[in-house]
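Everything on this sheet refers to the single structure shown next.
The values are calculated or read from the model by the stated rules, or taken from the named source; none is laboratory data. For clarity, every value in this text was computed on a predicted model and none was experimentally measured. Here the Cβ positions follow ideal geometry from the backbone for every residue, glycine too, while neighbour counts run over all protein chains shown.
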Amino acid sequence: MNQEKIGKFIATCRKEQNLTQEQLAEKLGITYKAVSKWECGKGLPDASIMMELCKILKITVNDLLSGEKIDKEDYQKKLEENIIDTIDYSNKKVFEKNKLIYELITFFGLGLIFIAFTIYPNDSSWGSIHSIIGLLIFTFGFVNIKSGKTILKKVFLGICYFMIGLILLLLLDYSNVVLNKVAPRFSYLKETGDIMIIYKAPFYNVYRINRNTKNEYYIIDTKKEYTESNIPITPFNRDKSGIANIIQYKNKYVGNNSNDSHLIDNLPLAEYGYVFEINSENLELIIDYHITDWYVNDSHYLEKSLLYNSVSIFALIDNVENITFNFSGNKYIVSRKQIKELYPNFEDIVNNGINQNNFNKYLESKMNDNNFVEDTFKKIFVN
């Protein structure tokens, strides 16, 4: 059906009847813009007004749909052609309308997935539920956008698209977990303990340790080699204070302010604010923390932090001989000699550079032993 030809034919017939677009529109009870749209070949008159239009223009419906006046001998042939064209045109209009609906459904599904990933907290089950619902809606809309598929083919494609989409969501979630150190959205089991939450996701587990504290950190176990009994646990933020991170600040000399600052900033107690200075005469590092010492001593956190910081600084800065930790309440002084003599296995930690396994074994893991911390702290520190 040639819309442009029909539009020109309507314009010619209208002019033959000495009618303007506005006058024709008024007779039909429509706007003149609709008439203009027909005559520009951008649409066809609605079936409900087609008979009235033909009556006004003094033509037949067959003439209108042919875009020209039909001779009597060709009337039947043109009528049959126009019936077929009309059915085809109607089918196309229905498909275009349905396509628009399915496109809207598809975008709605994508929007629901986006909302699930941006509004809900990572460990909220609603985020994963709405993501799956959004994926189902998206899949349903997407497989129906194109026509010509059988029901069986649509079902097969729908299953394929859904599985591909689910894999992409899982990969996106895993990337978010790794890059941002957060809980996975798609965990099928959540186990809550005293100091940690374990999220069991497809293909990997995530351990959220020191949950809801300043020292919360995550361990992503892709090999599933850890359990609650053997997972590395420290009272500090392991991502910041762990040897795998702070070893980058190893230096031969104290006084490199940028290096010293970065090291202290990643060690425990830095979260409360501090300033530091260097006493070059006796190779002393002086750190002033902006807090009272007793305020941070819940579960021996102060003792654990001072032991950890002392061993770490002496291990990573070769020529530091003395450290003073100042608080608004008390000061704590320690020397390299005291650490060497009184902290067990210090030489194993620093032997031939930093042995990271020994660091974790003899320092990090020891911070979980309150008896060890109390005894060692009393031996080393002069208050």
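Computed values, structure above
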| quantity | calculated |
| --- | --- |
| Pair list, Cβ < 8 Å and 6+ apart or interchain, from the range 129-142 residues that are within 9 Å of residue 112 (Cα to Cα) and modelled with pLDDT under 95 to residues that are among the charged types (D, E, K, R) and surrounded by 20 or more Cβ atoms within 10 Å (Cβ to Cβ) | 131/185 |
| Qualifying residue in the range 343-350 (condition: in contact (Cβ under 8 Å) with a residue 40 or more places away in the chain and either under 26 Å from residue 291 (Cβ atoms) or assigned by TED's automatic domain parsing to the domain that holds residue 296 (or both)) | no |
| Scope the range 238-257; condition in contact with a strand residue (DSSP E or B) (Cβ under 6 Å, 6 or more places away or on another chain) and surrounded by fewer than 21 Cβ atoms within 10 Å (Cβ to Cβ); matching residues | 239, 251, 255 |
| Residue check, residue 314 in contact with a Lys or Arg (Cβ under 7 Å, 6 or more places away or on another chain) and without any contact (Cβ under 8 Å) to a residue 24 or more places away in the chain | no |
| Among (1) over 30 Å from residue 238 (Cβ atoms); (2) of a type outside the set (A, V, I, L, M); (3) part of a helix (DSSP H, G or I), the one test that residue 149 misses | (3) |
| Scope the range 1-16; condition of a type in the set (S, T, N, Q) and part of a helix (DSSP H, G or I); matching residues | 3, 12 |
| Considering residues of the range 4-15 that are among the charged types (D, E, K, R) and touching a helix residue (DSSP H, G or I) at 6+ places or on another chain (Cβ under 8 Å) only, the residue surrounded by the most Cβ atoms within 10 Å (Cβ to Cβ) | 14 |
| Residue 194, sole failed condition from (1) without any contact (Cβ under 8 Å) to a residue 12 or more places away in the chain; (2) of a type in the set (D, E, K, R); (3) outside any loop (DSSP other than H, G, I, E, B) | (3) |
| Within the range 332-376, considering residues that are aliphatic (A, V, I, L, M) and assigned to a strand (DSSP E or B), the one surrounded by the most Cβ atoms within 10 Å (Cβ to Cβ) | 334 |
| The range 118-146, subset in contact with a helix residue (DSSP H, G or I) (Cβ under 6 Å, 6 or more places away or on another chain) and not in a helix (DSSP H, G or I), residue farthest from residue 107 (Cα to Cα) | 120 |
| Any chance residue 260 is surrounded by 15 or more Cβ atoms within 10 Å (Cβ to Cβ), closer than 23 Å to residue 243 by Cβ and among the acidic types (Asp, Glu) | yes |
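Quick grid of which residues meet (1) of a type in the set (A, V, I, L, M, F, W, C); (2) within 29 Å of residue 239 (Cβ to Cβ):
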| residue | (1), (2) |
| --- | --- |
| 96 | no, no |
| 100 | yes, no |
| 105 | yes, no |
| 128 | no, yes |
| 131 | no, yes |
| 141 | no, no |
| 181 | no, yes |
